[in-house]
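As structure tokens, the structure follows; a few thoughts come after it.
The values are calculated or read from the model by the stated rules, or taken from the named source; none is laboratory data. Bear in mind that the values here come from a model prediction, so they are computed numbers and not experimental data. Glycine gets a Cβ as well: all are built from the backbone with ideal geometry, and neighbour counts include every protein chain shown. Heads up: the accessible areas ignore ligands, DNA and RNA and are worked out on the full protein's heavy atoms, side chains in. Shrake-Rupley method; radii C 1.70, N 1.55, O 1.52, S 1.80 Å.
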Amino acid sequence: MDAEPARGGDAAAGGGGPGERFAALLARAENGERAALLAAEVRSALMHHCGLQSCRHAKGPPRPMNRRTYRHSFLLPDGGVRLLWELEHDTGPGGGTVYALFTDREDLAVAEWDVDTAFGFAAGPPELPPGLGALGRGVEAPEGPGGEWPPGSWPSDAPGPRGAGGRAGFRRAYTESDSADHAWRLLRRAANAGATGDEMRDRLRTAIAHGITIVTRRSTVVAGRPVSWSLYEHAFLLLDGSEVSLWEIDHTRTPSGDPVCEVYTSQDAALDTAVRRIEAG
């Protein structure tokens, strides 16, 4: 699979206290003035934590592109937690890195959708889970280790809303060859051997091109131990002109903590594994 591309900056790092880090976020954000008005109380924050919420990477064509969303949690003097989201991407015409800061989850989702159209997604903004937009305005972090989102409240860059068709009907640009061999190697290293079935294996023998996209990645704490997982889509173009995808989950939810790979024929099955087995503990 592709490793995550190197970043031009480091949104998670930075010297100084929480107020200084908030000032740095505002300084580089295109909408920094508006964010400063909506989250003025963060200037007096006592603690700050930043984590990568989601990311996307495409090798092209027309060129490599990246999008990352970071969740910033600020502990306020009254004991509340203020959540801010930073969107970083280089999908614009010039290819330069652009930053935006959001205080509202719904605004972030719309902005992510707008950016992600550069990756070739189906038209139409995402449908958010009920009540999700209010989280960015509250003073309490979501339940779970490190303020993680509850299972089922996926970032908008996760596979498209149920019933919305996802990427159906979109013929992507495939950049890789030796695709039948790639499919064979992917299935061979999968810990859940046989999950794809013989029919899918037979179809993949006719693959003539493929592309790999990182869909999302998360980190959490399960039973006191750090656990992370990443979801990749391996899309294949077959000899008959049809397209199929395999969904790869790489995770560290193992007794030794060593990473393993599991492969599924649907994004729902892969995400079900991530939520119910890897994160549930």
Legend entry - Given (1) open to solvent by 10 Å² or more (accessible area, probe 1.4 Å); (2) without any contact (Cβ under 8 Å) to a residue 60 or more places away in the chain; (3) assigned to a strand (DSSP E or B), number of the condition residue 180 does not satisfy: (3)
Legend entry - Of all residues in region 215-234 being out of contact with any Asp or Glu (no Cβ under 7 Å at 6 or more places or on another chain), assigned to a strand (DSSP E or B) and not hydrophobic (A, V, I, L, M, F, W, C), the one that is farthest from residue 177 (Cα to Cα): 225
Inset, instruction - Would you check if there is a residue in region 224-233 being over 24 Å from residue 60 (Cβ atoms), touching a Leu at 6+ places or on another chain (Cβ under 9 Å) and touching a residue at least 12 places away in the same chain (Cβ under 8 Å)? - result: no
Inset, instruction - Pull up region 57-85, narrow it to residues that are in contact with a helix residue (DSSP H, G or I) (Cβ under 6 Å, 6 or more places away or on another chain) and among the charged types (D, E, K, R), then point me to the one that is modelled with the highest pLDDT. - result: 82
Legend entry - The listed residue being more than 30 Å from residue 70 (Cβ to Cβ) and at pLDDT below 85, out of 207, 193, 180: 193
Inset, instruction - Kindly indicate which of 23, 45, 40, 36 is among the hydrophobic types (A, V, I, L, M, F, W, C) and buried (at least 21 other Cβ atoms within 10 Å of the Cβ). - result: 45
Inset, instruction - Count, please, the residues in region 72-84 that happen to be open to solvent by 10 Å² or more (accessible area, probe 1.4 Å), assigned to a strand (DSSP E or B) and more than 11 Å from residue 41 (Cα to Cα). - result: 1
Inset, instruction - For region 92-110, enumerate the residues that are in a loop (DSSP other than H, G, I, E, B) and in contact with a helix residue (DSSP H, G or I) (Cβ under 6 Å, 6 or more places away or on another chain). - result: 103, 104
Inset, instruction - Take region 34-85 and flag every residue that is within 21 Å of residue 105 (Cβ to Cβ), in contact with a Gly (Cβ under 6 Å, 6 or more places away or on another chain) and not polar (S, T, N, Q). - result: 71, 83
Legend entry - Within region 235-275, considering residues that are within 17 Å of residue 197 (Cα to Cα) and part of a helix (DSSP H, G or I), the one least open to solvent (accessible area, probe 1.4 Å): 270
Inset, instruction - Pairs only if they're at least six apart or on different chains, beta carbon under 7 angstrom, first in region 194-219 and within 16 Å of residue 235 (Cα to Cα), second among the aliphatic types (A, V, I, L, M) and open to solvent by 40 Å² or more (accessible area, probe 1.4 Å); list them, first residue then second. - result: 206/239; 208/239; 212/1
